[in-house]
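Visitor: The following block contains the structure, expressed as structure tokens.
The values are calculated or read from the model by the stated rules, or taken from the named source; none is laboratory data. Predicted model, so just to flag it, every value in this text is computed and none were measured. Virtual Cβ from ideal backbone geometry, glycine too; neighbours counted across all protein chains shown. We work out accessible area using only protein heavy atoms, side chains counted, and drop any ligands, DNA or RNA first. Shrake-Rupley method; radii C 1.70, N 1.55, O 1.52, S 1.80 Å.
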Amino acid sequence: SSAAQGEDEDGPYRGKYLGKLNSYHHQVSGDVYAVNEFTFLITGFNYDGNGADTFFWSGASNRPGPQGFIVPDEYGKTNILDRYHNKDFTLTLPDRKKMTEIKWLAVYDLNNQNNFGDVYIPEDFEPPRTQTGGTFSKRSHNVSSSSIEILDSKTIRIKEFTYDGRGKRTFFWTGVGAQPSSRGSKIPDERGYLDPIRKYNKEVIELELPGDKTIFDIDWISVYDVADNENYGHVLIADGLNVPPSLVKITPYEFSLPNCRQLHKDLQVSWEVFGPQITFQLSGQVDQMDYMSFGFSGSDVSSQMIGADVVVAYIDDIRGYTVDYNITSLAPCVKVLGQYKGVCRDDVVGGLDSFQLNTYGRKNGINTISFRRTLKSSDDGDKEIFLDRSNYVVWALGQLDSNNEPAFHTFYPKSDIIIDFNTTEPVNDCFSFTKRMETQAQLWERTRITDATVRTFNAYLGPSGGMRGYQGLTGHVSSGLAWYINGYMIPELYLKRGLTYTFQVRGGNNPHSPEHYHPLVITDEPQGGFDRLSDAKQSEIRVLAGVEFTRRGQPKPTAAGPLCLSRYPDNYDRRLDDNFPTFKKFNRSLHNTCSSEPPALLEITPNITWPDTVYYNSFTHGNMGWKIHIIDSYSNLRSSGAVRSRSATWTTFSIVLAPTLLFLH
């Protein structure tokens, strides 16, 4: 295979090799590769920094001279070059200029017109670029696609991909040889999952080869059923493709225990049984304050969150934690009739914390936490870990809320996960962690209700969407549900001091329901969930509406209305919420189920003492509402042009699509 063009015998594929820098002065040296038609990779670059007016310089003349243009440095800046010592970096040509339009790249002193080092681009040079491949062969289960695109050495884009979702245990599968066979390995799906793949209907998806695998290591990609060893359709990958190198960061995994199972592209569990104890290690590519959760299913015949016994593992600024949780309902932990229900810590529901923390550490963006437990625990709430049969397990990744409790999970499986902990031979299907450059997610439209004639707000519940929805718009974690007002998810409201407004509240009025009891409250604090807070925290918050205090100082909600809920269609997978380009389209896919009882009414008249920004939220759960702007005049809004009436203004800011337990499947 001619992949060797850019593949050193000892190192990763870096692109197409252009050559060594010719060194003339100031100790300039290094190797130069073409990454794509706009970008150079320079490895082991040296320059003593002693030139005067020195830049990266390029042009179309036969040799470096005064005719040319500055190539910005690795930070995109056109500053005079400093000293470099053995540095690797990329340079991108400015103004979308292409490598085929230039003849050389030099380290050049403009003032003295002095060339310190250069490399030449050959006349007929073809820089690496996206290559078009074949289409999926149509064998069965409606598998088909249009031509695939190999974007770089690790990434394949499949257009118009279709599969009916009806295989038994079907995966994206890859290997070597003339035809697909059972001697292959999984490729994570487009969201990083390693579970059997879903149904697709003419979708565009991008697959990234796992760990350090590149397209030079494989001959085919198949939609393959491992239960029946059947190939449902495949595409061949040609040898020696001139594609750009992948720029994902690869972090090798380190684990000290003999068995390892990759649960998701960003999470692996390893274990060892020793006598009556089992030691686990979770390693996850997560943000600093994210949690990793792993545990034992609430069911003996499937992987089920309800009734599960799980560990929630995280690292704060000081140390690591492994906290034992029981899941009695798919909602944050709340007190129902004097008992705690939801995703609750064992020590809150009267159990014991059975996990003993061994070690923890964070390195290169990977959290690693090891802990141990007895196979059979003395706590009734703990599941037994069996050695004589397989165990159904559950896992999740997500963000911690402001109380360090798990908020709604960002990544979690929808299929059964079975692990045999008792292994005669060690099992290991783990691979290195890979991380892409963060991409900007286009958020759903923000809505502002600024119409002076709107005095009534119809408040009900709906799903909070994914990273484009509640979490992206507010920057808060989510509980899975959000307030919908007048048909919009968490609009910002503009209310004028001295006018009276009415909220018609339909958030559920059955206090026995851990999931759906949401009286509306208005406070000066953005997180909400007033009832979950300690007395000390409650005393710092100004409640403006929706709560009265009993003679003993206990808070009591006043605006609990019947339940009105926008629901997902049956069998919908809410992990796909971010596939909706707009809230409008997302909202159209939901169905409303509403009680016929009249709503609870919350009347407010903001006055001079109200702060300029307050928040509507739920009394019971945190992070469900958003801002109310208290203003003195609507006309100021218009003249400043700050807001168009009920406008859906598009705003985009960067949110990290990284793993950001357990509610509302």
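Visitor: Greater than 19 Å separation of Cα atoms is the criterion. Which listed pairs, Lys16/Lys103; Lys341/Lys376; Lys496/Lys584, meet it?
Guide: Lys341/Lys376; Lys496/Lys584, as the Cα separations exceed 19 Å there.
Visitor: Take the Cα pairs of the chain, get the Kirkwood Rh, then feed it into Stokes-Einstein at 25 °C and 0.890 mPa s and tell me D in µm²/s.
Guide: Roughly 87 µm²/s, to the nearest whole number.
Visitor: At what distance in angstrom do the alpha carbon centres of segment 583-600 and segment 213-274 lie from each other?
Guide: 42 Å
Visitor: Here's a follow-up. What base-10 log of the normalised intensity I(q)/I(0) is obtained for segment 169-320 from the Debye formula, alpha carbons as equal point scatterers, at q = 0.16 Å⁻¹?
Guide: Normalising to I(0) and taking log10 leaves -1.11.
Visitor: If you don't mind, another one. To the nearest 20 debye, what charge dipole does the chain have about its Cα centre, counting +1 at the Cβ of each Lys and Arg and -1 at the Cβ of each Asp and Glu?
Guide: 2160 debye
Visitor: Measuring from a point 7 Å past the Cα of Thr605 along Cα-to-C-beta, which residues in segment 457-500 have an amide N at less than 17 Å?
Guide: Answer for this model: 495-500.
Visitor: Here's something else I'd like to know. What number do you get for segment 69-215 when its Cα radius of gyration is normalised by 2.2 N^0.38 Å, N = residues?
Guide: My calculation over the Cα atoms of segment 69-215 gives 1.51.
Visitor: What number, in nm² with one decimal, is the all-direction average of the projected area of the convex hull of the alpha-carbon atoms of segment 363-463?
Guide: 13.1 nm²
Visitor: Let me ask another. Regarding segment 61-141, what is the average projected area of its C-alpha convex hull, in nm²?
Guide: Approximately 9.3 nm², given one-decimal rounding.
Visitor: Using Cα centres only, tell me the gap between segment 288-324 and segment 423-487 in whole Å.
Guide: 21 Å
Visitor: Could you size up the charge dipole of segment 202-254 around its Cα centre, putting +1 on the beta carbon of Lys and Arg and -1 on that of Asp and Glu, and report it in debye to the nearest 20?
Guide: So the dipole magnitude of segment 202-254 works out to roughly 240 debye.
Visitor: With +1 on the Cβ of every Lys and Arg and -1 on the Cβ of every Asp and Glu, and nothing else charged, how large is the dipole of segment 32-190 about its Cα centre, in debye rounded to the nearest 20?
Guide: The calculation lands at about 1140 debye.
Visitor: Net charge near Phe386: determine it from the other residues with C-beta under 15 Å of the C-beta of Phe386, scoring Lys and Arg +1 and Asp and Glu -1.
Guide: Spelling it out: positives minus negatives among the neighbours equals -2.
Visitor: Please give the net charge around Tyr314, taking every other residue with its beta carbon less than 12 angstrom from that of Tyr314, where Lys and Arg add +1 and Asp and Glu add -1.
Guide: Around Tyr314, the charge tally is -4.
Visitor: Can you give the accessible area of Glu425, probe radius 1.4 Å, in Å² rounded to 10?
Guide: Glu425 exposes around 140 Å² with every protein chain in place.
Visitor: Right, here's the next one. For n ≥ 4 DSSP H runs only, could you compute -39500 (n - 2.57) per run for the chain, divide by its residues and tell me the 222 nm figure to the nearest 500?
Guide: After summing the helix terms and dividing by residue count, I get -1000 deg cm²/dmol.
Visitor: Once R0 is set to 35 Å, what does the formula 1/(1 + (r/R0)^6) return for the Cβ-Cβ distance between Ser432 and Thr374, expressed as a FRET efficiency to the nearest 0.05?
Guide: Computed FRET efficiency for Ser432 and Thr374: 0.60.
Visitor: Using the heavy atoms of the protein chains and a 1.4 angstrom probe, tell me the accessible area per residue for segment 269-413 in square angstrom.
Guide: Computed with neighbouring chains in place, this is 39 Å² per residue.
Visitor: What FRET efficiency comes out for the pair Ile306/Val176, r = Cβ-Cβ distance, R0 = 41 Å, nearest 0.05?
Guide: 0.45
Visitor: Run down the aspartates and glutamates and flag those whose C-alpha is under 20 Å from the C-alpha of Lys537, throwing out any fewer than 8 positions away in its chain.
Guide: Asp401, Glu405, Asp524, Glu525, Glu548
Visitor: Kirkwood hydrodynamic radius, segment 289-446, all distinct C-alpha pairs: what's the number in Å?
Guide: For segment 289-446, inverting the mean 1/r across all distinct Cα pairs yields 17.2 Å.
Visitor: To the nearest 0.05, what FRET efficiency results for Leu590 and Ser402 with a Förster distance of 25 Å applied to their C-beta separation?
Guide: For R0 = 25 Å, the calculated efficiency reads 0.30.
Visitor: If DNA, RNA and ligands are ignored and the probe is 1.4 Å, what is the ranking of Asp379, Asp53, Asp82, Asp429 by accessible area, most exposed first?
Guide: Output order, biggest surface exposure first: Asp82, Asp429, Asp53, Asp379.
Visitor: What fraction, in whole percent, of alpha-carbon pairs in segment 473-540 exceed 15 Å separation?
Guide: 66 percent
Visitor: Here is a further query. Carbon and sulfur atoms: what percent of the 1.4 Å accessible area of the chain do they account for?
Guide: 46 percent
Visitor: Once you place label points 7 Å from the Cα toward the Cβ at Asp53 and Tyr17, how far apart are they in nm?
Guide: 3.7 nm
Visitor: Over segment 231-370, consider all pairs of different Cα atoms and compute the Kirkwood hydrodynamic radius from their mean reciprocal separation; express it in Å, one decimal.
Guide: For segment 231-370, inverting the mean 1/r across all distinct Cα pairs yields 17.7 Å.
Visitor: Now a separate question. Where does the charge balance sit around Lys98 when Lys and Arg score +1, Asp and Glu -1, over other residues with C-beta under 11 Å from its C-beta?
Guide: Net charge around Lys98: 0.
Visitor: For a test of understanding, tell me how many lysine pairs in segment 127-211 have Cα atoms under 16 Å apart, given they are 8 or more places apart or on different chains.
Guide: 8
Visitor: Of the options Gly466, Leu241, Ser513, report the single residue whose Cα projects farthest towards the positive end of the charge dipole of the chain (beta-carbon charges: Lys, Arg +1; Asp, Glu -1).
Guide: Farthest along the dipole direction, towards plus: Ser513.
Visitor: Taking the square root of 5 times each eigenvalue of the Cα gyration tensor, what semi-axes in Å does the equivalent ellipsoid of segment 36-77 have, largest first?
Guide: 18, 16, 11
Visitor: Further, regarding this structure: Once segment 471-628 is represented by equal point scatterers at the alpha-carbon sites, with solvent omitted, what log10 I(q)/I(0) does the Debye formula produce at q = 0.17 Å⁻¹?
Guide: Once normalised to I(0) and log-transformed, intensities are -1.08.
Visitor: Okay, next question. Using a simple spin-label model with points 7 Å from Cα along the Cα→Cβ vector, what separation in nm is obtained for Tyr75 and Tyr572?
Guide: Distance between label points: 4.7 nm.
Visitor: Same structure, new question: Write down the Å³ per residue value for the convex hull defined by the alpha carbon atoms of segment 411-465.
Guide: About 153 Å³ per residue, rounded to a whole number.
Visitor: May I pose another question? Once ligands and nucleic acids are excluded and a 1.4 Å probe is used, how much of Lys20 is accessible, expressed in Å² to the nearest 10?
Guide: Approximately 130 Å² of Lys20 is accessible to the 1.4 Å probe.
Visitor: Bin width 5 Å, alpha-carbon pairs only: give the P(r) of segment 1-120 as whole percents, running from 0 to the bin holding the largest distance.
Guide: Going from the shortest bin to the longest, the percentages are 2, 12, 22, 26, 21, 11, 4, 2, 0, 0.
Visitor: Tell me the label-point distance for the pair Ser390, Gln113, using the 7 Å Cα-to-Cβ offset, in nm and rounded to one decimal.
Guide: My value for the distance between the label points is 7.6 nm.
Visitor: Hey, can you find the accessible area per residue of segment 433-492 for me, probe 1.4 Å, expressed in square angstrom?
Guide: With the other protein chains kept in place, segment 433-492 gives 30 Å² per residue.
Visitor: Take the alpha carbon atoms of segment 298-344, find their radius of gyration, then divide it by 2.2 N^0.38 Å using N residues; give the quotient.
Guide: Compactness ratio reported: 1.35.
Visitor: Please give the per residue accessible area of segment 100-167, computed with a probe of 1.4 Å over protein heavy atoms only, in Å².
Guide: Normalised by residue count, the accessible surface of segment 100-167 is 46 Å².
Visitor: Another question about this same structure. Quick one: length gained pulling Lys335 to Gln442 fully straight, 0.36 nm per residue minus the C-alpha distance?
Guide: Residue separation times 0.36 nm, minus the Cα-Cα distance, leaves 34.8 nm.
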